[in-house]
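Worksheet: one structure, shown below.
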């Protein structure tokens, strides 16, 4: 997180205490075997290929205000995003020291997401984990068990920082997400057990357990929600799978038996930039002027329709019955918001997807770009007909949305599995180097 540490700092006190899992405790492992140019209306896609480049002061706060008590309040466009349009900006990264999150919180970030690839990068490239790792292995923890101890501590410490936001919003915001082992992507029962285990050992009210939206794991969403565990459903790439995720959430709420559903929440992480990466390649193969003109437009168009589906599913008699018991909507979370094609506008996957009751989780690149030159305006449903037109035009050209979603899901799971395996290998090498007698 050093790349964003030049954001304005705040006078938060560090509270990084965590409940460490004692090595003598008998517990299962988590890997069970069982844009400014588009500020009004739908994005102007001809303009979207023009990239903005950040200046050297991209993360300087635009203004400061003094509150009634004389304390300085640092404001950025992220505050406006939440206060004016109801979208929560989250940060898609986590590493030690977690206190690096404090200036981000002061600048308007309201939650954190993580995944196996993020932890692979954090742990393998930093010495901040060495001391805890060495102690864990010395007292008899295996490599994978030690990995989860490292992860749990980071999640606990981050949750502590975001607790005030969680409390202020009555459990609507301020979450930190931790993902079950990617090796469980085809294991429904193992995913349920892993979610229960992570919820227990993290032991924080504002933790989200991330579960992939694979065909095998969608049923686990219902089971975990029914147990009262809040979930971040990840790796959603198609409208059909997104609808199945919503239904699983609703089924879980109805099956929970809880009289008060207000503390059982969820987000559905709908991926965007990766969609364009794949569809652009397919359009290039088609090669016609019509096909090439649709490059860079598929991801946002599908996301616009996802928001329409969200509004439809969270309305009507079934949903109203759950609202009476305190249920909260499963918010749409825009994931994969960094631009993969350098020719595209660097806020392409943030600016056109602004709307109420949504979350945008941004890695460094996207966050810096939006703070620097992002414009706050409700865009997600400003021109739905254009989004529909693009979506169906792609279908007519032979783009099969379900096949696109399936391929991206397989690739996404594979990336996380490789990151997980790579990190375990790195930790084993580190243990060998330290001459620690590992299991």
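Scanning the stretch 203-221 for residues that are more than 14 Å from residue 235 (Cα to Cα) and either surrounded by fewer than 21 Cβ atoms within 10 Å (Cβ to Cβ) or at pLDDT below 95 (or both) yields a total of 3. Just one of 89, 103 is part of a helix (DSSP H, G or I), in contact with a helix residue (DSSP H, G or I) (Cβ under 9 Å, 6 or more places away or on another chain) and within 22 Å of residue 169 (Cα to Cα); which is it? Matching residue, one of 89, 103: 103.
Inside the stretch 344-439, counting only helices (runs of 4 or more DSSP H) that do not spill past its ends, which hold 2 or more residues that are exposed (fewer than 15 other Cβ atoms within 10 Å of the Cβ), out of contact with any helix residue (DSSP H, G or I) (no Cβ under 6 Å at 6 or more places or on another chain) and at pLDDT below 95? It comes to 401-433.
Of all residues in the stretch 222-238, those being touching a helix residue (DSSP H, G or I) at 6+ places or on another chain (Cβ under 6 Å) and either closer than 22 Å to residue 411 by Cα or not in a helix (DSSP H, G or I) (or both) number 7.
Taking the stretch 164-178 as the range and being in contact with a helix residue (DSSP H, G or I) (Cβ under 6 Å, 6 or more places away or on another chain) and either closer than 19 Å to residue 332 by Cβ or surrounded by fewer than 18 Cβ atoms within 10 Å (Cβ to Cβ) (or both) as the test, the residues that pass are 173, 174, 176. Of the numbered criteria (1) in contact with a strand residue (DSSP E or B) (Cβ under 9 Å, 6 or more places away or on another chain); (2) surrounded by 24 or more Cβ atoms within 10 Å (Cβ to Cβ), the one residue 310 fails is (2). For the stretch 332-343, the set of residues classified as touching a helix residue (DSSP H, G or I) at 6+ places or on another chain (Cβ under 8 Å) and on the phi < 0 side of the Ramachandran plot consists of 332, 334, 337, 338, 339, 340, 341, listed by residue number. Looking across 322, 283, one residue alone is assigned to a helix (DSSP H, G or I), over 27 Å from the mean Cα position of the chain (by Cα) and surrounded by 16 or more Cβ atoms within 10 Å (Cβ to Cβ). It is 283. Exactly one residue among 195, 244 is touching a strand residue (DSSP E or B) at 6+ places or on another chain (Cβ under 7 Å) and either part of a helix (DSSP H, G or I) or surrounded by fewer than 23 Cβ atoms within 10 Å (Cβ to Cβ) (or both), and that residue is 195. Residue 338 falls short on exactly one of the conditions (1) part of a loop (DSSP other than H, G, I, E, B); (2) buried (at least 24 other Cβ atoms within 10 Å of the Cβ), and that condition is (2).
The values are calculated or read from the model by the stated rules, or taken from the named source; none is laboratory data. Keep in mind the model is a prediction, meaning the values are calculated, not measured. Note that we place each Cβ from the backbone using ideal geometry, even for glycine, and neighbour counts take in every protein chain shown.
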